[in-house]
Amino acid sequence: MKLNVGGLDRGLRVIVGLGLIAATATGTIGLWGWIGVVPLLTGAVGMCPLYSIIGLNTCPMKKT
């Protein structure tokens, strides 16, 4: 499994995911907010299946 989500992207995904889950848990938004699990997991793991499909990579290039 190749990482394709960079640092800033990962941080934003985790924040958005936690925000959506918290808003759903407190009743601020409806059940659709549980979709926040997706950005939370992709941010935590560092790999996004959609990025793989479309060929996008936000990870910085490794210097050799």
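Listed values, structure above:
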quantity: Chain lengthening between V16 and S52 when straightened (0.36 nm per residue, less Cα-Cα); calculated: 10.9 nm
quantity: Added length on full extension, which subtracts the Cα-Cα distance from 0.36 nm per residue, C59 to T28; calculated: 7.8 nm
quantity: Value of [θ]222 nm, deg cm²/dmol, for the chain, DSSP H segments ≥ 4, -39500 (n - 2.57) each, nearest 500; calculated: -16000 deg cm²/dmol
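A short reminder: the numbers here are calculations on the coordinates, not readings from a lab. This one's a predicted model, so the numbers in the text were calculated from it and none came from an experiment.
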